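No lab work stands behind these numbers, since they all come straight from the coordinates. Predicted, not measured: the structure shown is a model, and the values here were computed from it. Cβ placement follows ideal geometry from the backbone for every residue including glycine, while neighbour counts extend to all protein chains displayed.
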Amino acid sequence: AAAFCALHPDRVAALVMLAPATGLSADRREAALRRIEAIERQGVRAAFADGGSDVPPRFAMLRLASDPMGLCATWRMLADLDMTRLLPRIACPTLVAHAARDVSRTEQDIERVAGMISGARVISIDTTHYMAMETPRLVCRTITAFLDECRFQ
């Protein structure tokens, strides 16, 4: 959505980014590549035997049920993602939401992303990285309030 906003500003009225992934630091990229390699060599269950991150149990179960090829493709996309040139091109009202209990995307990560977008507003929501699934009503209220402020119809 952020890339679409940057590339087609005339077609977007507002943007909401929930714990956005816009690129990985070098150390996180290396960790992601190691995880991909482990998935390919050992399978999903063995690759995440260490827990992998602070994931709520029901989402850990969903990850374990993931197709290994699809999971690796997603992680490769994240490992290769770099939106630093696109984010400054976003011109519409933008809300960037941080999940207060997210260990994978810190408040500093979210503020860095918002700082690349002129006029972007950061909000912290009391939820986890999986905010739309974990707290859908809270996310819906947050998005609706922002769109109302933007007079989005």
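Computed from phi, the 3J(HN,Hα) profile of the stretch 83-94 under the Karplus parametrisation 6.51, -1.76, 1.60 (θ = phi - 60°) reads 9, 4, 7, 7, 4, x, 7, 6, 10, 8, x, 9 Hz, with x in place of Gly and Pro. Computed on the chain, with alpha-carbon pairs under 8 angstrom and 6+ residues apart, the relative contact order is 31 percent. Given the chain, report the % of alpha carbon pairs whose separation exceeds 21 Å. Above the 21 Å cut-off, the chain has 51 percent of its Cα pairs. For every other residue with a beta carbon closer than 13 angstrom to the beta carbon of MET116, add +1 if it is Lys or Arg and -1 if Asp or Glu, then tell me the sum. Cβ neighbours under 13 Å give a net charge of 0.
Taking each DSSP H run with n ≥ 4 as -39500 (n - 2.57) and averaging over every residue of the chain yields -14000 deg cm²/dmol at 222 nm.
The simple Förster model, with R0 at 22 Å and r as the Cβ-Cβ distance, assigns LEU147 and MET69 a FRET efficiency of 0.05. Overall shape: oblate for the stretch 90-153, with the ratio a/c of the largest to smallest alpha carbon gyration tensor axis at 1.5 or above and b/c at least equal to a/b.
Computed FRET efficiency, Cβ-Cβ of SER104 and PHE4, R0 30 Å: what is it to the nearest 0.05? It comes to 0.80. Quick check on the stretch 33-95: take the gyration tensor over C-alpha atoms, sort the square-rooted eigenvalues as a ≥ b ≥ c, and tell me if it's rounded (a/c under 1.5), prolate or oblate. Prolate is the answer for the stretch 33-95, as a/c is 1.5 or above and a/b outweighs b/c.
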